[in-house]
Amino acid sequence: MKAITKNWPLHLILLAVVIVCEAINTITIKTPVGNILLLPMLFAMAFGLILFLLKPVKCVKSEQAHLSSSFVVIGIGIFLAKVAVNSGANLDQVIQAGPALILQELGNLGTIILALPIALLLGFGREAVGMTHSIAREPNVGYIANKFGPESAEFRGVMVTYIVGTLIGTIFMGVMASILGGAGLLHPYSLAMACGVGSGSMMAASSASVAAAFPEMAEQISAYAGTSNVLSNADGVIMTVILGVPMCNFLYTKLYPVIGRGKKEK
């Protein structure tokens, strides 16, 4: 509590950011494939990053940013409580989705096939295995550290994806969900399930974009996204251990000699 009261200027800055972002409200950008919805949450993240990086006078210091990370957990916790209520109210519809919610984790294998060759073409070595085997959230980071060691190239790779995902993943997911929602190519429930990638903040941003595109189905979208996120956390590491990492290792041994840009590895 003392740390919170001591940093009262930070709270005033954040309050001002919230007020400004809510005043801006949602901006709709029309494109040939649909509408892109830029939500206040995206503006708040962008303004917060600018204030942190602002030089020579930093409005938000490093120790204050570290303190703020604790409030993110609280905020996401409140949001997840709302999601849980919506999930319970729409439990029948969630159950009707059946195996789709569980089997969606297999979609991660498709991203491996796409991402690992690109990582090799960019010049990465064994780092590519850690970078592309999953979305690289906390459970995945722990598994890679345990399997390959904290000094390994694989661990450096998973940390790169983890950090980049933390910095811009939420913004990317929010914008991507908005584009796909506006395009009308996929059913809203499919988009909602895709929002549950195993990250609370990414799920919050992307599901909000989908719900904004389909306001009449907002509660159902929240329910599907929340349930999907829980299942992604539950079976994500299992998929990583059984399929993700072995598949990355196999593709790496086949592709690195062909498209790898570094020295030939033993």
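Below are the figures for this structure:
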{"read-out": "Radius 11 Å from Cβ of Tyr162, net charge of other residues (Lys, Arg +1; Asp, Glu -1)", "value": "+1"}
{"read-out": "Residue exposure sequence - Ser209, Ser199 - by fewest surrounding Cβ within 10 Å", "value": "Ser199, Ser209"}
{"read-out": "Per-peptide average of other Cβ atoms within 10 Å, ordering 210-218, 225-233, 109-117 highest first", "value": "225-233, 210-218, 109-117"}
{"read-out": "Proxy reagent accessibility, fewest Cβ within 10 Å first, across Val18, Val197", "value": "Val18, Val197"}
{"read-out": "Residues listed by number, segment 114-144, amide nitrogen under 20 Å from Val258 label point at 7 Å toward C-beta", "value": "114-130, 132-133"}
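Quick note: the coordinates plus some simple rules give every number you see, no bench work behind them. The structure displayed is predicted, hence computed values, not measured ones. With ideal geometry, Cβ positions are generated from the backbone for all residues, glycine too; neighbour counts draw on all protein chains shown.
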